[in-house]
Amino acid sequence: MKLSELFTAPNQLTLLRMVFVPFIIINLVDGRYSWALTLFILAGVSDGLDGLLARTLKQQTLLGQYLDPIADKLLLSTTFLVLSILHKIPWKFTVLVFSRDISILGVSAVLYAIAGLRDFRPSIFGKANTFSQLAAVVFVMLYEIHHERWVYLVRLACLRATFTFTILSALHYIYLVGVRLKALHPHAESPPSAI
């Protein structure tokens, strides 16, 4: 990995997304939900933009593959945690989100250490889970600004979707790990040949 990878436009946007996190949290704690929501949406836009720039400018890097999910998790997990501390998101959702992420991180580290497995691209369920978490946070904050019934209902739907996709993506991840490990060791389960 080259240091120059850090200075590509997509990776700079990813780093900017990390910079947004403390300012989002400060505004949440101070009860300035409009500012927190604005910054969170800007961070979300930067997430889509860095991927688009990486493909358009052909600046897809190994560093970016690691930085992007780290920035996503930092943004979402921290915001979920703070909103739960502020009693805006029930704890069961945050505990589930954290349990999945910590488990995946632990399993990924072990698989990399013992099998050299480093292909951890997000699955369709993982992407759906990230989207539902983003939407849940947006509508939780929006409900604090506009106490309207439709906002409350969409907020509830997004939190339920997060609950469902967190479980589905974790199960799908376990399945994918099995498939990738089997591909690395295709003859591991074959019986020994008779001599």
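Please give the FRET efficiency for Leu42 paired with Lys182, using the beta carbon to beta carbon distance and R0 = 41 Å, rounded to the nearest 0.05.
With R0 = 41 Å, the Cβ-Cβ based efficiency is 0.45.
Please give the contour-minus-distance gain from Val29 to Trp150: 0.36 nm per residue of separation, less the Cα-Cα distance, rounded to one decimal in nm.
Full-extension gain reported as 41.1 nm.
Report the extension gain between Lys58 and Leu168 in nm, rounded to one decimal, defined as 0.36 nm multiplied by the number of residues separating them, less their alpha carbon distance.
In short, 36.4 nm is gained.
Once you place label points 7 Å from the Cα toward the Cβ at Ile102 and Leu49, how far apart are they in nm?
It is 3.4 nm.
Give me Tyr175, Tyr152 ranked fewest to most by other Cβ atoms within 10 Å of their Cβ, as a rough exposure proxy.
Ascending Cβ contact count within 10 Å gives the list Tyr175, Tyr152.
Read-outs: derived from the displayed coordinates by stated rules, not from any lab. Remember, it's a predicted structure, so these values are computed and weren't measured experimentally. All Cβ positions, even for glycine, are placed from backbone atoms using ideal geometry, and neighbour counts span all protein chains on display.
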